[in-house]
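Below is one structure, written out as structure tokens; comments come after it.
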Amino acid sequence: MSASTREDPDLDDVEAGPPSTLDRSAGSEHERAGGAGRGFALLLVITGIAGVIAAAMLNIEYIHILKDPEYTPVCDINPFLTCGAFLGSPQSQAFGFPNVVIGMVAFPVVVVTGVLLLAGQRLPVWYWRGLLIGTLFGIGFVTWLQYQALFSIRAICPWCALVWAVMIPLFVHTLARSTQNGALPVGGGVRSLLVQYRWVLTALWWLVVVAVALIALAEQWSTLL
């Protein structure tokens, strides 16, 4: 890092300069050139690994069900918290093949991307745009699955919920970083909002999902009390 930069634990690396003139959301030269701070890189690795684990566990359970239709998944805690209701539903094959295949392919890419960024690699704009499009698809698909779970199947799959949880910060933070490196050209105000309040936006999103789940499945929650 050059003498003109300094370390900020919240914004990763940003350019040094007078506080009155510094656009803290613009990121460091390394970030603008396609790199990323350690915090974002670790976020990719952690969420990617969590996603791989969830997808792998669902895939294992799906294989067991294919072999034995009477098999009860280990994640079937009760009729409300269950994987079986999802693995045997039409929603589990939204594109004509098991949804778990998408996770098994996509999340390792997220992990590898995080490792590359931890190693100091600067990724090209096209790669960042591909990552952004991928996370946009992911959060859109997850939101559809959330709706199906809460209002159609009316149950929660524990491993699916883990995917829901990791996709939210993955999308929000990728969106914020994409405004810093030119993959998503936006005005300074929008970039500042996304970068400086990315964890606030993530937390609010999590809270909205939890609130909707509590309201939509009020009867089911009451059975656990």
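Each reported figure results from applying straightforward, stated rules to the coordinates on display, with no laboratory input. What you see is a predicted model; the values in this text were computed from it and never measured. Methodologically, a virtual Cβ is constructed for each residue, glycine included, from the backbone with ideal geometry; neighbour enumeration extends over all protein chains shown.
A few remarks follow.
- Geometric descriptor of the stretch 103-225, per residue, is 121 Å³ (volume of the convex hull of the Cα atoms).
- Fully extended contour minus Cα-Cα distance, from E29 to Q93, at 0.36 nm per residue: 18.7 nm
- In terms of packing, defined here as the mean over residues of other Cβ atoms within 10 angstrom, the peptides 157-163, 179-185 line up highest first as 157-163, 179-185.
- Its Cα centre serving as origin, the chain has a Cβ charge dipole (Lys and Arg +1, Asp and Glu -1) of approximately 380 debye.
- Inverse of mean 1/r across different Cα pairs in the chain, Kirkwood, Å: 19.0
- Ellipticity estimate at 222 nm from DSSP helix runs (n ≥ 4, -39,500 (n - 2.57)) divided over the chain, nearest 500: -20000 deg cm²/dmol
- The angle separating the long axis of helix 38-67 from the principal Cα axis of greatest extent in the chain is about 20 degrees.
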